[in-house]
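The values are calculated or read from the model by the stated rules, or taken from the named source; none is laboratory data. All of these numbers come straight from a predicted model, not from anything done at the bench. Using ideal geometry, Cβ is built from the backbone for each residue, glycine included, and neighbour counts are taken over all protein chains shown. Only protein heavy atoms, including side chains, enter the accessible area calculation; ligands, DNA and RNA are left aside. Shrake-Rupley method; radii C 1.70, N 1.55, O 1.52, S 1.80 Å.
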Amino acid sequence: MKPRLLITRRVFPEVVEALSAAYEVETNPDDAFWTPEQTRAKAAGCEALYVVATDRVDAALLEACPRLKIVATGSVGYNQIDVAACTARGIAVTNTPDVLTEATADMAWALLMSTARRVTESERWLRDGQWGRWAWDQFLGADVHGATLGIVGMGRIGSAVARRAAGFSMRLQYTNRSAAANERELGATRVELDTLLATSDHVVLVLPYSPATHHLIGERELGLMKPTATLVNIARGGIVDDAALARALGAGTIAAAGLDVYEGEPTVLPALLEVPNVVLTPHIGSATRSSRLGMAMLAARNLLAHATGDALLTQVNAGPR
Ligand code: DGY
């Protein structure tokens, strides 16, 4: 008998087909919302679980799944999974690094450009029929070329964001737990977070979420930034204190923000929806067809490797197999 696999979200048909060779697969074809109780009931008899970045895999879920041997997430971030609890139960956890790096870096730039140059704000105004005539001071934004870019988190995606800055002749600074091996090649200077916030024209957040990075950017940090500065978050909700950000945008503490991720998503703080100087996208950082298919397939390849006893490709916890 094949092991049972639960896939929590509708995924590309070719992925389901590939997995069906090794697993008895249950999917969520309509992408229906499952409560935690429903997920637990569906996952109860499964050996394998295929989740996404916003599916919580906590102790209660693990408790309900005594046969579980592997959790594969179709995301590079895995803060939604209690990895320590998985490891303690001998459950392997895999993620999907690399395949989304370039697409996500592109998206950071899409948000940076549309935020600094007020693209969506001015488009809304135009669509509203408010464009009477051209004026010198209409929608004045911030220069991106020649400006100082501050990158918080210089991992794979941070480096890919940094590489693109060369085309805009930007000065680059970053924060990271350790000095990036490629800092010379990137022409980037490592500084303390407070310095980066106070001296950057544009700040991009590209670091993982953890209890240590919860509300890393709050009222105090926003207060350090230039009133002309922009902030882009393509990392994870919860790194920014969304309520403090909405207040800072309303008060003009910073000029604008571009957000792809939110605390409590898919719910977005109403105060953020009300301020005009923020560009909001629905967690689409990796959403190109090739990137999403690459992520979905990498998660599947990990599951297939597990089923055949082969080495897992991108395991995040040492030990369980
Ligand atoms: C990731 O891979 O972590 C992205 O946020 C997409 O879900």
Tell me which residues, restricted to region 171-204, are in contact (Cβ under 8 Å) with a residue 12 or more places away in the chain, aliphatic (A, V, I, L, M) and open to solvent by 30 Å² or more (accessible area, probe 1.4 Å).
Val191, Leu193, Ala198
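A quick yes/no check of all residues on (1) in a helix (DSSP H, G or I); (2) at pLDDT below 95; (3) touching a strand residue (DSSP E or B) at 6+ places or on another chain (Cβ under 8 Å):
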{"residue": "Ala41", "(1), (2), (3)": "yes, no, no"}
{"residue": "Leu49", "(1), (2), (3)": "no, no, yes"}
{"residue": "Leu68", "(1), (2), (3)": "no, no, yes"}
{"residue": "Val71", "(1), (2), (3)": "no, no, yes"}
{"residue": "Asp98", "(1), (2), (3)": "no, no, no"}
Checking the structure you have, find out if any residue of region 124-136 is in a helix (DSSP H, G or I), modelled with pLDDT of 95 or more and under 27 Å from Val204 (Cα atoms).
yes
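Does region 48-57 contain at least one residue that is outside the structural domain of Pro266 (by TED's automatic domain parsing), among the acidic types (Asp, Glu) and away from the ligand (no atom under 14 Å from the Cβ)? Break it down stepwise before answering.
Going through region 48-57, the residues outside the structural domain of Pro266 (by TED's automatic domain parsing) turn out to be 48-57.
Filter again for among the acidic types (Asp, Glu), leaving 55.
Still in the list and also away from the ligand (no atom under 14 Å from the Cβ): none.
No, region 48-57 contains no residue that is outside the structural domain of Pro266 (by TED's automatic domain parsing), among the acidic types (Asp, Glu) and away from the ligand (no atom under 14 Å from the Cβ).
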Hits in region 107-120 (condition: free of Cβ contacts under 8 Å to residues at least 60 places away in the same chain and among the charged types (D, E, K, R)):
Arg117
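Does Val119 satisfy the criteria of being under 26 Å from Arg289 (Cα atoms), surrounded by fewer than 23 Cβ atoms within 10 Å (Cβ to Cβ) and in contact with a Gly (Cβ under 7 Å, 6 or more places away or on another chain)?
Values: under 26 Å from Arg289 (Cα atoms): yes; surrounded by fewer than 23 Cβ atoms within 10 Å (Cβ to Cβ): yes; in contact with a Gly (Cβ under 7 Å, 6 or more places away or on another chain): no.
Considered against the rule, which asks whether it is under 26 Å from Arg289 (Cα atoms), surrounded by fewer than 23 Cβ atoms within 10 Å (Cβ to Cβ) and in contact with a Gly (Cβ under 7 Å, 6 or more places away or on another chain), Val119 comes out as no.
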Residue satisfying condition, being within 30 Å of Asp55 (Cα to Cα) and assigned by TED's automatic domain parsing to the domain that holds Leu111, within set Ala251, Ala179, Ala257:
Ala257
Answer from Ala160, Ala198, Ala142 - the residue that is within 16 Å of the ligand (Cβ to nearest atom), more than 25 Å from Asp55 (Cα to Cα) and touching a helix residue (DSSP H, G or I) at 6+ places or on another chain (Cβ under 8 Å):
Ala160
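Find the helices (runs of 4 or more DSSP H) located wholly in region 213-321 whose residues include 3 or more that are touching a helix residue (DSSP H, G or I) at 6+ places or on another chain (Cβ under 9 Å), within 15 Å of the ligand (Cβ to nearest atom) and open to solvent by less than 40 Å² (accessible area, probe 1.4 Å), and list them.
Values: elements: 219-224, 242-251, 270-274, 289-308.
Counting at least 3 such residues, we get 289-308.
Taking into account only those residues within region 43-62 that are without any contact (Cβ under 8 Å) to a residue 60 or more places away in the chain and surrounded by fewer than 19 Cβ atoms within 10 Å (Cβ to Cβ), which is nearest to Gly264 (Cα to Cα)?
So the first thing to find is which residues in region 43-62 are without any contact (Cβ under 8 Å) to a residue 60 or more places away in the chain, and the list is 43-47, 49, 51-52, 55-62.
Filter again for surrounded by fewer than 19 Cβ atoms within 10 Å (Cβ to Cβ), leaving 44-45, 52, 56, 58-60.
Numbers: Ala44: 26, Gly45: 29, Val52: 15, Arg56: 12, Asp58: 16, Ala59: 19, Ala60: 19 Å.
Out of the qualifying residues, it is Arg56.
For Ala85, indicate whether it is away from the ligand (no atom under 16 Å from the Cβ), surrounded by fewer than 19 Cβ atoms within 10 Å (Cβ to Cβ), without any contact (Cβ under 8 Å) to a residue 40 or more places away in the chain and assigned to a loop (DSSP other than H, G, I, E, B).
On the way: away from the ligand (no atom under 16 Å from the Cβ): yes; surrounded by fewer than 19 Cβ atoms within 10 Å (Cβ to Cβ): yes; without any contact (Cβ under 8 Å) to a residue 40 or more places away in the chain: yes; assigned to a loop (DSSP other than H, G, I, E, B): no.
No.
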Looking at this structure, is Ala32 aliphatic (A, V, I, L, M) and assigned to a helix (DSSP H, G or I)?
no
Can you confirm whether Leu62 is touching a Cys at 6+ places or on another chain (Cβ under 8 Å), assigned by TED's automatic domain parsing to the domain that holds Ala300 and outside any strand (DSSP E or B)?
yes
